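A.B. asks: Can you read through this structure? Questions will come right after.
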Amino acid sequence: MIVAISIGAVNVPLGDVWGIVLHHVTGTGTAHPDPALDQIVWNFRTPRVVLAALAGAGLAVSGAVLQTVVTNPLADPIVLGISYGATLGAVLVITLGGGAALAGLGVSAAAFLGAVAAGALVFALGQRRGRLAPTRLVLAGVAVGYAFLSATSYVQLQATPSELRTVMFWMLGSVAGAQWGQLPTVTVVVIATVTLLTLFGRRLNVLLTGDESATALGVNVNRLRAVLLLLTALLTGTVIAVAGSIGFVGLMIPHLVRLTTGADQRRLLPLTALLGAVYLVLVDLLSRTLDRPNEIPLGILTALLGAPFFLWLLRRNKALD
């Protein structure tokens, strides 16, 4: 993270970055003699890098949990349609100006509400006779996602060219506009939810053995799936609300961790959060340095890296045969 903060249109020595961050966080040391450099490091780059780390951790953990909940190794947060719900909420505010029709909501608030609405709808459709079925959840997520996506496409047709550019950049994901005021809520939700999901690690391990075995071991499978879905919907919706729709993080990172540490959820989830944070910080660094002074949306790079991984995983996983 310190390296990512130091690199940009103006490169800052690592020692200066560390000194500025330490001074603002702890109040120790002396202020940097160059106010412009202090402004660049603390007000522009640091919140951006912190948000990228939080978003990467949240999306990666969501993917790891969903792959267990729906018993599908190719699942990620998009499988619930949450990304598309958040996108519709944000696009409505951008194109309608957040007026009376949306009660004056900001983009982040509307995106979060859209994510929650999509998650609730999938949750309701994924039940049969009061029981959550993994296959029904996946199918409900795909159907709800496409319904929200079609609504988003229709709203885009009504947008002006300037609004459309904002919409497209937001849909592809970005942490370029990160501000300190956005971080407290995201930080609390990501840390609390990831910690809580990690505490479910033992029961997630039991869930991997199959519904019948888990029930025989005393786990209420239906209730456990409901709680896990609610937590992942909250986590994913919060991240998407501030960083936009970023794909493939929840698919790639959990599998990379499994390849090295195994499937024990008590180790998998914390390490997935850590690797997800590092991964998205590096992707964001690439997004602002590959085509200076322009920025490439995060979603383009994560798809460019994630699509080949997805195809490799598809060929490697014999269980899908």
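The values are calculated or read from the model by the stated rules, or taken from the named source; none is laboratory data. Everything numeric here is computed off the predicted structure, so don't read it as measured data. We place every Cβ from the backbone using ideal geometry, glycine too, and count neighbours over all the protein chains shown. When the accessible area is computed, the model is the full protein with side chains, heavy atoms only, and any ligands, DNA or RNA have been set aside. Shrake-Rupley method; radii C 1.70, N 1.55, O 1.52, S 1.80 Å.
A.B. asks: Report the one residue of A241, V281, L298 whose Cα lies farthest in the direction of the positive end of the charge dipole of region 189-321 (charges on C-beta: Lys and Arg +1, Asp and Glu -1; origin at the Cα centre).
C.D. replies: Going by the charge dipole, the pick is V281.
A.B. asks: A follow-up question, please. Take each uninterrupted DSSP H stretch in the chain, measure its Cα extent along the helix axis, and return the ones at 20 Å or beyond whose mean Kyte-Doolittle hydropathy is at least 0.5.
C.D. replies: Counting only whole DSSP H runs, the qualifying helices are 46-69, 82-96, 107-125, 134-157, 183-199, 221-243, 265-289, 298-316.
A.B. asks: Where does the chain land at 222 nm, in deg cm²/dmol rounded to the nearest 500, when only DSSP H runs of n ≥ 4 count, each adding -39500 (n - 2.57), divided by all residues?
C.D. replies: -23000 deg cm²/dmol
A.B. asks: What's the magnitude of the charge dipole for region 54-320 around its Cα centre, counting Lys and Arg as +1 and Asp and Glu as -1 at the beta-carbon? Answer in Debye, nearest 20.
C.D. replies: Result for region 54-320 is approximately 780 debye, rounded to the nearest 20.
A.B. asks: Still on this model: Could you sort L234, L224 by their accessible area in this structure, using a 1.4 Å probe and putting the largest first?
C.D. replies: Working: L234 65, L224 10 Å².
Of L234, L224, the descending order of accessible area is L234, L224.
A.B. asks: Round to a whole number: what % of the accessible area of region 54-320 belongs to carbon and sulfur, probe 1.4 Å?
C.D. replies: 66 percent
A.B. asks: So, one more: With Cβ to Cβ distances under 13 Å as the rule, what net charge do the other residues near L66 carry (K, R +1; D, E -1)?
C.D. replies: In short, 0.
A.B. asks: While we're on this one: Select one label from (i) 20.2, 67; (ii) 20.1, 70; (iii) 27.8, 107: the one whose number is Rg and Dmax of the Cα atoms in Å as derived from the coordinates shown.
C.D. replies: Matching entry in (i) 20.2, 67; (ii) 20.1, 70; (iii) 27.8, 107: (i).
A.B. asks: With unit charges on the beta carbons (Lys and Arg positive, Asp and Glu negative) and the dipole taken about the Cα centre of the chain, which residue among A57, P35, A226 sits farthest to the positive side?
C.D. replies: A226
A.B. asks: Mean-square fluctuation check for the chain, GNM, Cα pairs under 10 Å: which of L51, L66, L22 is largest?
C.D. replies: L22
A.B. asks: Springs between alpha-carbon atoms under 10 Å, Gaussian network over the chain: tell me which of V239, V17, V167 tops the mean-square fluctuations.
C.D. replies: Result for the chain, Cα springs under 10 Å: V17 fluctuates most.
A.B. asks: log₁₀ I(q)/I(0) of region 5-121 at q = 0.12, 0.15, 0.19, 0.20 Å⁻¹, via Debye over equal Cα point scatterers, no solvent, to two decimals?
C.D. replies: So the normalised log intensities work out to -0.69, -0.84, -0.93, -0.96.
A.B. asks: Next question. Below 8 Å, C-alpha to C-alpha, sequence gap of six or more: please give me the relative contact order for the chain in percent. Let's see the in-between values first.
C.D. replies: On the way: 487 pairs, mean separation 88.0, N = 321.
Reported as a whole number, the value is 27 percent.
A.B. asks: Can you tell me the accessible area per residue over region 54-320, all protein chains present, probe 1.4 angstrom, in square angstrom?
C.D. replies: Here the residues of region 54-320 average 45 Å² of exposed surface.
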